[in-house]
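One structure is given below, encoded as structure tokens.
The values are calculated or read from the model by the stated rules, or taken from the named source; none is laboratory data. Predicted model only: the values in this text are computed from it and were never measured. All Cβ positions, even for glycine, are placed from backbone atoms using ideal geometry, and neighbour counts span all protein chains on display. Quick note on the areas: whole protein, heavy atoms, side chains included, nothing else; ligands and nucleic acids left out. Shrake-Rupley method; radii C 1.70, N 1.55, O 1.52, S 1.80 Å.
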Amino acid sequence: MNPNKALWEKGDFTCIAETMRESGEAFVDTLGITKGLKVLDLGCGDGTTAIPAAERGADVVGVDIASNLVAAGNKRAAALGLDNCKFQEGDASDMHGVRDQSFDLVVSVFGAMFAPRPFDVAKEMVRVTRPGGRIVMGNWIPNDPTLVAQILKISSTFTPPPLEGFVSPMTWGVETNVTERFVAAGVPAEKVSCVRDTFNFNYSGPPAALLDRFKSYYGPTMNAFEAADQGGRVADLQRQLEDLFSAQNKSSRPDLTSIQVTFLRVTVAL
Ligand SMILES: C[S@@+](CC[C@H](N)C(=O)[O-])C[C@H]1O[C@@H](n2cnc3c(N)ncnc32)[C@H](O)[C@@H]1O
């Protein structure tokens, strides 16, 4: 089994994505979607960006490695009557079957960054975008003090070291790496721009309950708890993550959690 696919099929990312819908909509509102624009959402999950893009009139294909998320995306699109939004299984590192230059806009929000072989990912994104089109990525930033980078950082201290040759997904949050990867795919460096942006996680429950969701449904956190269990360190991991979720929460209401997270927004103009 492909470990990348296994990681994301292990949990149920829809339970996390539900807390990210508002920012997904807001992000799509910045993309200049017009009717009939051909959009590929790569690492689309169950459609946090694909569905709002289709609702704004784009013809959207969502590609994701996890079959459960592809099924969840197609179910959401059908329930909303969106016949301009299709989800299919595929790998951002090798999108065979997706035609060259077939999209006006390729978007990937915390998606393609998790695929192996980042240079192949950049090459594939460039290949399927038409000349004059755009690629827009949202990538978590290594060592950023906000939630997701800190979850992954804490988790890494409980899990075995990665195999030799493994390239951390977080390297997609470093501007020099991003530029190097697109330049290797044939894009002039001045066509790549990066800015910091924010995404919100909004959950109707206290921070500890949101952590429970990550524990039960977010593959990387599930793996961290399994590894911590083997090392007899579950209580330590639980305490560190509880402190993190509670420190990051900006809601003053006990029944709501609202966490603002920083990410690197990458735009590539082809
Ligand atoms: C953090 S989730 C983000 C999902 C979605 N973009 C969102 O914002 O809700 C990461 C997604 O990337 C997908 N993914 C991971 N590796 C992938 C790969 N090699 N090719 C395509 N999708 C991949 C996962 O299955 C998962 O749906």
Starting from residues that are at pLDDT below 95 and of a type in the set (S, T, N, Q), keep the ones in the range 131-183 and report whichever is least open to solvent (accessible area, probe 1.4 Å).
SER155
Quick one: count up the residues across the range 1-28 that are closer than 22 Å to GLY57 by Cβ, more than 9 Å from the ligand (Cβ to nearest atom) and open to solvent by 40 Å² or more (accessible area, probe 1.4 Å).
3
Return the residue satisfying two criteria in turn: it lies in the range 237-252 and is open to solvent by 40 Å² or more (accessible area, probe 1.4 Å) and without any contact (Cβ under 8 Å) to a residue 40 or more places away in the chain, and of such residues it is farthest from ALA149 (Cα to Cα).
SER252
In the range 110-124, anything open to solvent by 20 Å² or more (accessible area, probe 1.4 Å) and not in a helix (DSSP H, G or I) is listed as PHE110, PRO116, ARG117
For the range 97-109, give me each residue that is of a type in the set (D, E, K, R) and either in a loop (DSSP other than H, G, I, E, B) or in contact with a helix residue (DSSP H, G or I) (Cβ under 7 Å, 6 or more places away or on another chain) (or both).
ARG99, ASP100
Can you pull out every residue in the range 102-119 that is in contact with a Pro (Cβ under 7 Å, 6 or more places away or on another chain) and either more than 10 Å from the ligand (Cβ to nearest atom) or not aromatic (Phe, Trp, Tyr) (or both)?
MET113
Here's a check for you: in the range 29-48, which residue that is more than 9 Å from the ligand (Cβ to nearest atom) and surrounded by 21 or more Cβ atoms within 10 Å (Cβ to Cβ) is nearest to THR198 (Cα to Cα)?
ILE33
Considering only the range 210-223, I want to know if a residue exists there that is basic (Lys, Arg), surrounded by 13 or more Cβ atoms within 10 Å (Cβ to Cβ) and more than 19 Å from the chain's Cα centre (by Cα).
no
